[in-house]
Amino acid sequence: MDWWPLLWSIIKALLIVVFVLANAFLIWVERKIAGRFQRRLGPMRVGRPHGWAQTFADLIKLLSKEDVVPGTAEKWLFLLAPIVAFLPALLVYMVIPFGPTWVVNDLNIGVIFISAVTSFSVLSFFMSGWGSNNKYSVMGAFRAAAQLMSYEVPLVLSMIAVVMLAGSLSLNDIVKAQSIPFVVLQPLGFLTFFIAAVAELNRTPFDLAEAESELVAGYNTEYSGMRWAFFFLSEYANTVSASAIMATLFFGGWRGFLLPLPPVVWFLIKTYIFVFIIMWVRWTLPRVRIDQLLNLGWKLLLPVALLNIAWTGLLGLVFKI
Amino acid sequence: MNLQLLAFMILSLVTLGAAFKVITARFITHAALYLALSFVGVAGLFLLLNADFLAAVQLLVYVGAITTMLIFAVMLSQVEEIRQGAAEEGFWRRILSARFGVIPLAVAAALAGVILYLYRFANWKAVPVAPDPNTTRSIGQAMFTTYLIPFEVASLVLLVAMIGAIVLTMKKEDRSR
């Protein structure tokens, strides 16, 4: 038996884990950005210049904390939920092309794989919220279920329009098909995808599942230490992967223009621009109410996504793209 | 033992074990989560059969949507009632009771007998079909050519069910407005 392919996939998987963990520096970046948006400096004390080591200090603190399990919690659900939250966040990176050949496994069902894997997050919200046996957690879990359900539909529909243009479900083929970035051909589809993706990420203005002014911390109220850090890390991993998917589906992924930079650099530039935009949105807009959230999803995004599919069909029919 | 057989055995053990726990779990929420685990196992079995599209759809529809529907059902119930769970009963007691145990057991045994009989004596095609490199394309083509009418009928039925659900949950005072 030839062990090389197996070893190679293990190395690639480890590289992905390293990449995801390296994104923990985004926690510091976000705190600095939030500071700037609010006319203050953000973390300054740990590490020079500009408190760059703050995240590491926080991580050591979280690691050394006691692993508290509430007495009335349903123990297994409570303990497993952070892992169930982190796993899909990692799995998504499997199909994202960082460069023409820099992809762990270019599945020919890439787009469906992404939506299938991300749908697991409902389970983790439910497990943590219900397992904590705390009324705020349960409310957070229910809100998360309603929200993810409503925004999954426009998200998948706007991805379908991209697949229609590219004629393939593989992300690498989608990148190769974009001699014109798809955002030019379907701006509506991109807007729908962006809003739905931010909602799926559970970030402000759509962070109703952990709305701290109403629900303490929602589904992760009872978590502390490393288990809480897993929720936090998976939020950042998901933010980066959502940005990477946006860059891949609508902005030509690793394709460059004008400057002759390596494809990986192009991909990372595009991805982190979206990460910044998502942070920008978070620190600018106030949180929506639950009724506004559901109305936006079902009454605006869903029709717009369907319109976008019709428009894409028209494009294909008239211009033979 | 080859790797595929090992994977098959693990996956089918997970699927069957989870399915068993779905019925015997004391809390409906645990049953829902075991159901999700069982679906994941089935998706793994699809992958072993080279049906990657089916596996992804299995995850998307069953784990993503059906389990969420169960969470909605929990959401619409009294939380305290669900937290109490079903009355605690011993395993054998439940198996031997007429209402929970004997009749379902007999039905399940009969079904298993039929399946085993079919497996042993039915006339199966001896040659397995070669794995399709692009199952998505073939499924799409089959759906929009050979099976177009059943496909459309199914979507119409779903649409009717959806509209029906909306009409049923509409409040009276909304209509009088």
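Laboratory data are not the source of any read-out in this text; all were calculated from the coordinates shown. Here the structure is a predicted model, which means the values were calculated and not measured. Reconstructed Cβ throughout: ideal geometry from the backbone, glycine too, with neighbour counts over all protein chains shown.
Values as computed for the structure displayed
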item	result
Calculated from backbone phi, Karplus (6.51, -1.76, 1.60) coupling profile of the stretch A:230-238 in Hz, x at Gly/Pro	5, 4, 5, 5, 5, 4, 6, 4, 5
On Cα atoms only, tilt of A:263-284 relative to the major axis of chain A in degrees	50 degrees
Acute angle (nearest 10 degrees) that the helix A:4-22 long axis makes with the longest principal axis of chain A, alpha-carbon atoms	60 degrees
Cα-based helix-to-principal-axis angle, A:75-91 vs chain A, degrees rounded to 10	30 degrees
q = 0.14, 0.22, 0.25, 0.27 Å⁻¹, the stretch A:155-225: log10 I(q)/I(0) [Debye, one scatterer per Cα]	-0.58, -0.90, -1.07, -1.17
Ascending count of other beta-carbon atoms within 10 Å, so fewest first, for B:LEU116, A:LEU87, A:LEU123	B:LEU116, A:LEU87, A:LEU123
Of every Cα-Cα pair in chain A, the percent that sits beyond 25 Å	53 percent
For residues of B:28-35, the mean tally of beta carbons on other chains within 10 Å	3
Where only C-alpha atoms are counted, convex hull volume of the stretch B:1-88 per residue in Å³	74 Å³
222 nm mean residue ellipticity, helices alone, for chain A (DSSP H n ≥ 4; -39,500 (n - 2.57); rounded to 500)	-21500 deg cm²/dmol
Where Cα atoms sit under 20 Å apart: lysine pairs in the protein assembly as shown separated by 8 or more or lying on different chains	7
Shielding by partners - mean other protein chain Cβ count within 10 Å, residues of A:107-118	5
Principal axis dimensions, largest first and in whole angstrom, of the stretch A:1-120 by Cα	54, 45, 29
Highest-first arrangement of B:134-141, B:154-161, A:243-250, where packing means the average Cβ count within 10 Å	A:243-250, B:134-141, B:154-161
Hz values of 3J(HN,Hα) by residue in the stretch A:202-213 - Karplus curve (6.51, -1.76, 1.60), Gly and Pro given as x	6, 10, 3, x, 10, 8, 5, 5, 10, 3, 6, 7
